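A.B. asks: My questions all concern the structure below.
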Amino acid sequence: MGAIIYTFRDSAAPILAQLKKTPLWVVLAICMCALLYDVVESVITYILARQYNPDFKFAKAMGNTFYCAFYRVATLGSGAGVAAVYYLNENGVAVSQGFGMYMIEYALHKISIAIFSGIFFLLNFGCMWEHFADYTWLMVAGYAITIIITVVLVLFCSAKWFHDLLLRFLGLLNRKGKLDVLIAQLTEQCMMLEDAARRLLKKKKLVIETILLNLLKAAFWYGIPYLIFVSHAQVTITETMAVTAMSVMLAAVIPSPAGIGSTEFVFTALFASIVGTGLAGSASLLYRFGTFVFPFLIGAVVVIVRRILIKRASSDL
């Protein structure tokens with residue numbers, strides 16, 4: 001709870017103030033977009049998890065999505081992956097399989113962001129070049145970091161030579177034999193991870209389907225600012241999506257916990273040149289609410305209910 005309070009120390013009050021001034025239909029539409037994003041995210045988890053456990057239910061995939069949304073906030077972004085692997089393991093997907101699945105899912109997510117940003121940048125090239133030509137090198141850096149992260153994730157999950165290199169390095173450090181147990185465990189885990197990742201990556205149709213679903217998923221989040229701008233500024237939905245996607249790409253260049261602060265900074269800076277600083281700042285707060293706070297609130301309910309059910313089950317025993 002202390003971590004959560006710390007996370008929202010600078011944004012909770014402004015978000016609440018902005019929500020009070022925003023028309024109810026806009027707030028509801030933002031929540032609906034966020035919910036649709038989470039539904040598509042759950043579909044992705046569902047189809048991937050079923051590759052390992054055919055009995056995995058869609059309701060469990062939804063639970064996983066909001067479970068991770070809660071821990072993304074509670075751990076400042078660092079614990080979402082651990083929460084996913086833990087939740088999947090409880091629902092019939094072994095830890096090694098769940099870890100490999102989550103890493104591949106995250107890699108495809110990063111690839112999809114780059115594809116989405118590139119498509120909408122080209123669709124709105126005139127507008128984007130007019131307003132953001134000075135950000136060229138930052139855009140290149142955003143794409144480069146995305147590519148590096150994706151390559152490292154895929155190698156870490158599936159490349160035997162990468163694992164051999166890692167184990168060889170540990171072997172050089174193991175001159176006195178103190179790491180024998182660790183190396184043996186890591187060797188076994190690397191083999192399981194390779195198998196889990198290959199099971200997904202060798203299915204090209206599944207990979208393409210996942211990327212397409214990620215593109216659809218992104219459209220719901222990146223369209224949120226348009227709901228705020230439509231009554232106040234002359235900006236199209238494709239232009240809004242292009243700028244939002246680029247802000248997500250550029251925010252990755254700035255290291256910060258869970259993107260807190262960097263996303264709002266880049267988002268406001270980019271949109272300010274189109275709709276003005278005031279409206280851009282308001283939209284960044286509402287965007288943070290829809291993509292971060294709203295899923296967290298649902299996730300909190302999921303976590304609380306889950307804890308109650310676990311305690312009841314243990315007391316019955």
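The values are calculated or read from the model by the stated rules, or taken from the named source; none is laboratory data. Please read these numbers as outputs of a predicted model, since none were measured by experiment. Please note: Cβ atoms are built from the backbone with ideal geometry, for glycine as well, and neighbour counts cover all protein chains shown.
A.B. asks: Every residue in the range 18-32 that is surrounded by fewer than 16 Cβ atoms within 10 Å (Cβ to Cβ) and under 15 Å from LEU279 (Cβ atoms), please.
C.D. replies: Across the range 18-32, the qualifying residues are LYS21, PRO23.
A.B. asks: Do you know which residues across the range 14-42 are in contact with a Leu (Cβ under 8 Å, 6 or more places away or on another chain), of a type in the set (Val, Ile, Thr) and under 28 Å from HIS109 (Cβ atoms)? Write out each step before concluding.
C.D. replies: Here is the first cut: in the range 14-42, the residues in contact with a Leu (Cβ under 8 Å, 6 or more places away or on another chain) are 14-15, 18-19, 22, 26-27, 29-30, 33, 40.
Filter again for of a type in the set (Val, Ile, Thr), leaving 15, 22, 26-27, 30, 40.
Listed by number, the residues that qualify are ILE15, VAL26, VAL27, ILE30, VAL40.
A.B. asks: Can you name the condition, by its number, that ASN53 falls short on among (1) under 23 Å from VAL301 (Cβ atoms); (2) among the polar types (S, T, N, Q); (3) at pLDDT 90 or above; (4) in a loop (DSSP other than H, G, I, E, B)?
C.D. replies: Condition not satisfied by ASN53: (1).
A.B. asks: From the list PHE99, PHE121, which one is under 23 Å from CYS190 (Cα atoms) and outside any loop (DSSP other than H, G, I, E, B)?
C.D. replies: Details: PHE121 fails: under 23 Å from CYS190 (Cα atoms).
Step by step, each of PHE99, PHE121 is checked, and only PHE99 is under 23 Å from CYS190 (Cα atoms) and outside any loop (DSSP other than H, G, I, E, B).
A.B. asks: Within the range 182-205, is even one residue farther than 30 Å from LEU48 by Cβ, of a type outside the set (Ser, Thr, Tyr) and either in a loop (DSSP other than H, G, I, E, B) or without any contact (Cβ under 8 Å) to a residue 12 or more places away in the chain (or both)?
C.D. replies: So far as the range 182-205 goes, no, none of its residues is farther than 30 Å from LEU48 by Cβ, of a type outside the set (Ser, Thr, Tyr) and either in a loop (DSSP other than H, G, I, E, B) or without any contact (Cβ under 8 Å) to a residue 12 or more places away in the chain (or both).
A.B. asks: So, of the residues in the range 85-97 that are in contact (Cβ under 8 Å) with a residue 24 or more places away in the chain and out of contact with any Lys or Arg (no Cβ under 9 Å at 6 or more places or on another chain), which turns out to be surrounded by the fewest Cβ atoms within 10 Å (Cβ to Cβ)? Full working, then the answer.
C.D. replies: Our first condition is that a residue be in contact (Cβ under 8 Å) with a residue 24 or more places away in the chain; within the range 85-97, this holds for 87-88, 91-94, 96-97.
Next, from what is left, pick out any that are out of contact with any Lys or Arg (no Cβ under 9 Å at 6 or more places or on another chain): 93-94, 96.
Details: VAL93: 28, ALA94: 16, SER96: 21.
Residue satisfying both the conditions and the ranking: ALA94.
A.B. asks: When only residues in the range 56-96 that are assigned to a loop (DSSP other than H, G, I, E, B) and farther than 21 Å from VAL301 by Cβ count, which is nearest to the chain's Cα centre (by Cα)? Don't jump to the end; show me each part of the working.
C.D. replies: Initial filter on the range 56-96 (assigned to a loop (DSSP other than H, G, I, E, B)): 56-57, 75-79, 91-94.
Now drop any that are not farther than 21 Å from VAL301 by Cβ, which leaves 56, 78, 92-94.
Working: PHE56: 22, SER78: 11, GLY92: 23, VAL93: 20, ALA94: 22 Å.
By that ranking, first place goes to SER78.
A.B. asks: Mind counting the residues in the range 89-140 that are under 25 Å from TRP221 (Cβ atoms) and of a type in the set (Asp, Glu)? Let's see the steps before the verdict.
C.D. replies: As a first pass, look at the range 89-140 and keep what is under 25 Å from TRP221 (Cβ atoms): 98, 101-132, 135-136, 138-140.
Then keep just the ones that are of a type in the set (Asp, Glu); that gives 105, 130.
So the count comes out to 2.
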